[in-house]
Amino acid sequence: MNNVLQKYLPERAIESCLDLIKKTGVNLKIVNERVTRHGDYRRMPNGMHQITVNANLNKYRFLITLIHEIAHLVAFEKYGRTIKPHGAEWKRIFQYLMLPFIRPEIFPTQLLPLLANHFKNPKASSSTDARLSIALKHFDEQQTNRTYVFEVPQGSIFRIHNGKLYKKGNRRVKRYECVEVATGRMYLFQPNAEVELVFE
């Protein structure tokens, strides 16, 4: 497992992550990319715990995702299945488990203040924290020809991962109103949603 994790985690985080994996008895599976999620946790019918994490994540996002999912396991074990998946109990455990990793030996210094801010009140996904998500994307190996919704000019048409087309509208507090071209229905997009500009 150590050799496998070297490919996916920052070097100084491997030992602590291995300890957490052993302590929780989780079966970690590294899987092909899923567009809708970075990872997930489930308790199997046989009582075993399984965590999956996408193989295409950069080392820093992989680490955050792995700890995020381990926090689900620990929260459910400690508080039972009636808690909210991303409620107060999970947040406290995620903060506690993540704290030892938020240091310059593991994360680049430019990410540390963003991580510190994010973990004051961690969200269901690091992708919903636009500033952190954009900063993490700078460490992706494959830079795509995609752009972010906040960069797309208002009134422009863009395409998302499933091929659907949208027209960008006004900003509403944090998110953007975008109308699906085919149906005329309005959807709200996070500013850091990755899209492909079709025409301005």
Task: Selection status of Phe199, surrounded by fewer than 16 Cβ atoms within 10 Å (Cβ to Cβ) and either at pLDDT below 90 or among the polar types (S, T, N, Q) (or both) - done: yes
Taking first residues from the stretch 104-119 that are over 14 Å from Leu63 (Cα atoms) and second residues anywhere that are among the charged types (D, E, K, R) and part of a helix (DSSP H, G or I), the pairs with Cβ under 6 Å that are 6 or more apart or on different chains are Leu114/Arg131
A careful count of residues in the stretch 36-60 that are crowded, with 20+ Cβ neighbours inside 10 Å, in contact (Cβ under 8 Å) with a residue 40 or more places away in the chain and more than 17 Å from Leu18 (Cα to Cα) gives 2
Can you find a residue that is touching a helix residue (DSSP H, G or I) at 6+ places or on another chain (Cβ under 7 Å), within 17 Å of Ala193 (Cβ to Cβ) and not basic (Lys, Arg) anywhere in the stretch 87-110? no
Here, strands (runs of 3 or more DSSP E) confined to the stretch 106-200 with at least 2 residues that are farther than 29 Å from Ala88 by Cα, assigned by TED's automatic domain parsing to the domain that holds Gln6 and touching a Ser or Thr at 6+ places or on another chain (Cβ under 6 Å) are none
Conditions (1) over 18 Å from the mean Cα position of the chain (by Cα); (2) farther than 14 Å from Asn192 by Cβ; (3) at pLDDT 85 or above; (4) of a type outside the set (Asp, Glu) -> Asn145 fails only (3)
Those residues of the stretch 61-90 that are of a type in the set (D, E, K, R) and surrounded by 21 or more Cβ atoms within 10 Å (Cβ to Cβ) come to a total of 2
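The values are calculated or read from the model by the stated rules, or taken from the named source; none is laboratory data. Treat the numbers as computed from the prediction; the structure is a model and nothing was measured. Reconstructed Cβ throughout: ideal geometry from the backbone, glycine too, with neighbour counts over all protein chains shown.
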